[in-house]
Amino acid sequence: MNDPINVLTLFLFNIVLVNIPLLYGTTGEIVVEKAGSLNLGVEGTMAVGAIFGYLAGCMTNSLLVGLAVSFLAAGLCGLLFALLTVSLQANQNVTGLTITTFGLGLYFFVGKGIGERWPAMTGASALVNGFAPKELPLLSKIPLLGKVFFSQNLLVYLGVGIAALIWWYLSYTKTGLRLRAVGENPGAADSVGVNILLYKYIHLVAGSGIMGLGGFYMALYMSGSFEGSNCWINGYGWIAIALVIFANWNPLMAIGGTLIFGFFNTLQIYSGPLAGAFPGVLGWLNAVPAQLFKALPFLITAIVLVASSVRKREGSGQPAALGLNYFREER
Amino acid sequence: MEQQYAIEMRGICKSFGSVAANKDINLTVKPGEILALLGENGSGKTTLMNMLSGIYKPDSGMILVDGREVAINSPEDAKKLGIGMVHQHFKLVDVFSAADNIWLGDDKSGPVLKKDRFQVIGDMAKRFGFDIDPRKKVYNMAVSEKQTLEIVKVLYYGAQIIILDEPTAVLTVQETAKLFDVLRRMKESGHAIIIITHKLNEVLEISDRVAILRKGEYITTVDTATTDEQQLTEYMVGRKVKLNIDRPVVEKTRPLLEIRDLTIKNDEGALAIDKVNFYIRGGEILGVAGIAGCGQKELCEAIAGLRPIESGMMIHKGDNIVGLSPKAILEKGISMSFIPEDRLGMGLAPSMSITDNMLLKKYDQAKGPFVDRKTGREEAKQVVQDLEIVTPSTETPVRRLSGGNVQKVLLGREIKAGPNVIVTAYPVRGLDINSSYAIYDILNRQKKDGVGILFVGEDLDVMMDLCDKIMVLCHGRVMGVVHAHKTSKEELGLMMTGALDLTNKYEDKPAGIAKDSRIEEVEE
C-alpha cells in the first residue's frame with residue numbers, strides 16, 4: 001500500500017485530475033483577453049456554469065446536457081459582460097468584479113434555494129460514468145505516464161483538446177488572426193473592415209462558456225455535494241487569471257502552467273504520504289506547516305505576476321489593447 | 001462637358017458637441033488627379049477625410065462615388081467602395097508581420113492561414129514597385145516602412161481613391177521625394193488621390209488642384225498651376241493682417257541656458273533632435289522655427305526634464321541640468337509652457353479652478369499637510385488682473401475659459417514663479433489677434449526683466465517681428481541661427497525645408513547670420 005511508486009503515481013495522477021478546471025478557466029480567459037477584454041469575473045462565471053450544469057446534468061442524467069448547459073449559463077455571464085463593456089462602454093475591471101460577485105451570489109442563491117431536494121450525483125449514473133477514468137488504448141500502457149495522463153476521465157481529455165484547438169485557432173486561422181488584431185489594435189482592425197462588435201461578443205461569450213465547462217468539472221469532482229459555506233470553485237477562477245499571464249496568452253503553455261500550478265496545489269494534500277513514501281529525500285515535507293502549503297499556489301501566483309510584469313513587450317503575448325474599451329469616433 | 005468625379009462631397013456638415021468641425025463643405029476629385037487638401041491645424045481636414053473612410057458619419061450632406069450617392073457607415077463600406085486611407089497615426093498591429101497586417105482585411109483567401117501569404121504579399125508589393133519584407137514585424141519597422149506598408153495595404157484591397165493624412169510629417173526629404181514618385185505613379189494608373197497637408201511647397205509640387213479649408217469652412221478650390229504660396233496663404237489664414245509687434249532692445253546678459261551637442265530620440269525611437277547647439281541669453285527671445293514635428297516638442301520636454309536625452313549637455317548658469325528631475329529644473333528657474341494642439345493637454349488641469357492650477361506647481365512649499373489656498377487665491381487674483389484674464393472668478397474651472405484666457409493662465413502661472421528662462425511653445429496657437437498681442441506683451445515684459453526666452457512658434461511673420469534671433473530646425477538639425485531683423489521669410493523657408501544650411505557656410509558670412517551659429521566662438 002505504501003509502495004513509493006504507487007504514492008508518486010497517485011500524486012502525479014491527482015495533479016492532473018484536480019487541476020484541469022484551471023486549464024478550462026485559463027483557456028477561456030485567454031480567448032476573452034485575446035479579444036482585448038480583461039474579464040475578472042472568471043470565478044463567478046465558473047460558479048454559474050458549475051451549478052446550472054450540474055443541476056441540468058442530474059435532472060436529465062446526461063453528461064452532454066450538463067456540459068451544454070454549463071457552457072450556455074456561463075456564456076450568458078459573458079454576454080452580460082460584453083453588453084456592459086462593449087456596448088455600454090463600462091469599465092472592464094469593475095464589471096468583471098461585478099460578474100464574480102453576481103455569479104457567486106447566484107450560485108448560493110440557487111443552491112440554498114433548492115435545499116432539501118438537492119440531487120445527489122450518485123443518482124445520475126451518466127455523470128458518474130462520465131467522470132470515471134477512461135483508459136486510452138495503448139497510451140495508457142506506458143509506465144507511469146500512462147496512468148498519470150492517459151487513464152483520466154473524459155473531461156480531462158476534452159479540456160486539453162479545447163486548449164489545443166484554441167491554440168490552433170488563434171495561430172493558424174484568419175478569424176484567429178483578426179481576433180488577435182482586435183485585441184492588439186482595434187482601430188487597425190476596424191479600418192480594414194473587421195467587425196469589432198461581432199468579434200468581441202462572440203469571443204467574450206465563447207470564452208466565458210469554456211470557463212463554465214471548468215466549473216462543471218469542479219461540480220463533478222466535488223461529487224455535487226453542495227455546502228452552504230464553500231463554493232466549488234474555491235479560488236480557481238482567480239488563479240486562472242494569473243495563469244493566463246504565466247502562460248503568456250498561449251493555450252499550449254497553459255497546459256504546462258496548469259500542471260506546474262497543480263503541482264503546488266496538490267502538494268498540500270500529498271505532502272504527508274510523499275514524506276512517508278520517501279523518508280530519506282522528502283521527509284522534510286512533514287516539517288513544513290500545512291498553512292504554507294495552502295498559501296503556496298497563491299504565493300506562486302503573486303511571484304508570477306511580479307516576474308511577468310518585467311517581461312519585455314516584444315516577446316509578450318499580452319494584447320496591447322487589453323482592458324481598453326474601443327469607440328470608433330473617439331477623438 | 002461633365003466629367004465623372006471619383007469622389008464628390010456636397011454640403012458636408014459635422015459637429016462634435018457644440019463644435020462645428022465641418023460646415024457645408026464641397027469637394028471633388030477626378031480619377032488620375034492629385035487633390036491637396038490645405039488648411040491650418042484644426043481646420044477640419046482630417047475630420048472631413050474620416051467621413052470618407054467611414055470613421056465618422058456626416059451630420060448632413062451627401063457623398064457621391066463615381067457619380068452614385070453612397071452611405072459610408074463603416075470602414076468596411078469605404079473599403080468596398082474602393083476608398084483607402086493612410087491615417088496620420090498608422091493603423092497597424094505592431095506584433096504582426098507586414099503580410100499579416102494586410103491579410104487581416106483580406107476576403108479572398110480561405111479561413112486557414114497558409115505560408116504562401118508572405119509570397120503573395122511580397123509579389124504584389126513588387127508588382128506595384130514597393131520594396132517591403134512581408135515577414136518583418138511592424139515594431140521593427142522604420143516610420144517610412146510603416147507608411148509604405150499602409151499604402152501597399154490599401155492598394156491590395158483594390159482602392160481606387162487613396163487618402164493620405166499628412167503623409168510627409170514624419171518623413172525625411174528623401175523619403176518624401178520617394179513618396180511623391182509613388183503618388184505620381186498611382187496617379188498615372190488612374191487612382192484618385194487626396195493628400196492632406198499644410199506645407200505649401202509640397203502642395204505646389206505634387207498636386208493638380210488645391211482645396212482650402214479654414215476653421216471648418218470650405219473656402220475654395222484652385223488649380224495648382226494658377227496659384228502661388230502667397231495666394232494660398234491668404235486663403236488658408238484669411239485676410240492678411242500686418243502685425244506690428246514691438247521688439248524692445250534690452251541689454252543682453254551672459255548666456256543663461258546653453259545647449260551643447262544635444263541628441264534626443266522621439267517616442268518612436270527615431271532621432272528627434274540631432275546634435276543641436278545653441279544658447280539663450282538673458283533679455284533676448286530666441287525663436288525656434290521649423291516644420292511641425294521637427295523636434296520642437298522633444299527639445300522643450302528635454303529642457304524641462306520630462307524627456308531623457310541620448311547625449312549632450314544642457315548648461316544653466318554653469319550647472320549641467322542633464323538628468324535633474326523636472327522639479328529641480330523648475331527650482332533653478334526654468335519654466336516651460338507648451339501649448340499642444342488640444343491646448344488643455346499639458347500644463348493645466350482643466351476641471352480645476354484657476355487658483356488650484358496656480359497651486360499645482362507649489363503645493364509642496366506650504367508648511368504642514370494642508371493646502372494653502374489663501375496665497376494661491378491671491379496669486380490667482382494678481383494674475384487675472386495683470387494679464388486681463390476674462391473670468392467670472394478665480395474659482396472658475398479652467399475648462400470653462402476661452403482658449404486665449406486658458407493660455408494666459410498657463411503663461412501667468414509660469415511667470416509668477418519668477419523664472420529666469422522661459423520655454424514656450426506655440427503660446428498663441430489658435431488665438432485671435434487680440435489675445436495673441438496680449439501674449440506677446442507678456443513675453444516682452446519678461447524679456448525687459450532680463451529673462452531668456454525660447455519661443456517655439458509657427459508663424460514666421462510673428463517670429464521675425466518678436467524674436468531677436470531665430471534658430472531654424474529641420475528634421476532635428478539646426479539649419480542656422482539668424483538675426484530676426486536681418487533675415488527674410490524666404491530665407492527662413494528655405495532653411496525650414498532643409499534647402500539652405502547656414503551651419504556649413506558660416507565662413508562665407510552671408511547676410512543675416514549671427515555668429516551664434518558657432519557657439520565655440522563665444523565661449524572663448
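Below is a table of values for the structure above.
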{"item": "Inter-site label distance for residue B:461 and residue A:292 at 7 Å from Cα along Cβ, in nm", "result": "8.0"}
{"item": "Cα pair count fraction exceeding 21 Å, expressed as % - region B:346-418", "result": "16"}
{"item": "Net charge contributed by nearby residues that have their C-beta within less than 10 Å of residue B:386 (K/R +1, D/E -1)", "result": "+3"}
{"item": "Kirkwood Rh and Cα Rg combined as Rg/Rh, region B:116-202", "result": "0.96"}
{"item": "Length added when fully stretched, residue B:205-residue B:69, from 0.36 nm per residue minus Cα-Cα", "result": "45.8 nm"}
{"item": "Tail weight of P(r) past 30 Å, computed on alpha-carbon pairs of chain A, percent", "result": "36"}
{"item": "Net charge over other residues, Cβ less than 12 angstrom from the Cβ of residue B:218 (K, R count +1; D, E count -1)", "result": "+3"}
{"item": "Dimensionless Rg/Rh of region B:14-153 - Kirkwood Rh, Rg from C-alpha atoms", "result": "1.01"}
{"item": "Residue order, fewest to most surrounding Cβ atoms within 10 angstrom, among B:371, B:288", "result": "B:371, B:288"}
{"item": "Difference of contour (0.36 nm per residue) and Cα-Cα distance, residue B:445 to residue B:385", "result": "20.1 nm"}
{"item": "Cα coordinate range in chain B, projected on the principal axes (Å, largest first)", "result": "69, 56, 50"}
{"item": "Dipole moment magnitude, nearest 20 debye, region B:346-418 about Cα centre, only Lys, Arg, Asp, Glu C-beta charged", "result": "100"}
{"item": "Candidate lysines for bridging to residue A:134, where Cα separation is under 17 Å - those fewer than 8 sequence places away on the same chain excluded", "result": "A:147"}
{"item": "Percentage of interatomic Cα-Cα distances in region A:1-122 larger than 22 Å", "result": "46"}
{"item": "Cα pair distances in region A:80-215, grouped into 10 Å bins until the bin that holds the longest one, percent each", "result": "10, 25, 28, 23, 14, 1"}
{"item": "Reduced Cα scattering model of the protein assembly as shown, Debye log10 I(q)/I(0), q = 0.07 Å⁻¹", "result": "-0.72"}
{"item": "For the protein assembly as shown, with +1 on Lys and Arg beta carbons and -1 on Asp and Glu, the positive-most of A:327, B:235, A:83 along the dipole", "result": "A:83"}
{"item": "Neighbourhood charge, 13 Å Cβ-Cβ cut-off, centred on residue A:154 and excluding it, Lys, Arg +1 and Asp, Glu -1", "result": "0"}
{"item": "Residue-wise HN-Hα coupling along region A:55-60, computed from phi with Karplus coefficients 6.51, -1.76, 1.60 (Hz; x: Gly, Pro)", "result": "4, 5, x, 5, 5, 9"}
{"item": "Burial ordering of B:199, B:374, B:408, B:297, fewest other beta-carbon atoms within 10 Å first", "result": "B:374, B:199, B:297, B:408"}
{"item": "For B:236, A:59, B:463, order by how many other beta-carbon atoms lie within 10 Å, fewest first", "result": "A:59, B:236, B:463"}
{"item": "Karplus 3J(HN,Hα) series, Hz, for region B:50-58 with 6.51 cos²θ - 1.76 cosθ + 1.60 (x for Gly, Pro)", "result": "5, 6, 6, 8, x, 6, 10, 10, x"}
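Only the coordinates and a few stated rules stand behind these numbers; no lab work does. Since the model is a prediction, treat every value here as computed from it, not as a measurement. Cβ coordinates were reconstructed from backbone atoms using ideal geometry, including for glycine residues, and neighbour counts include every protein chain displayed.
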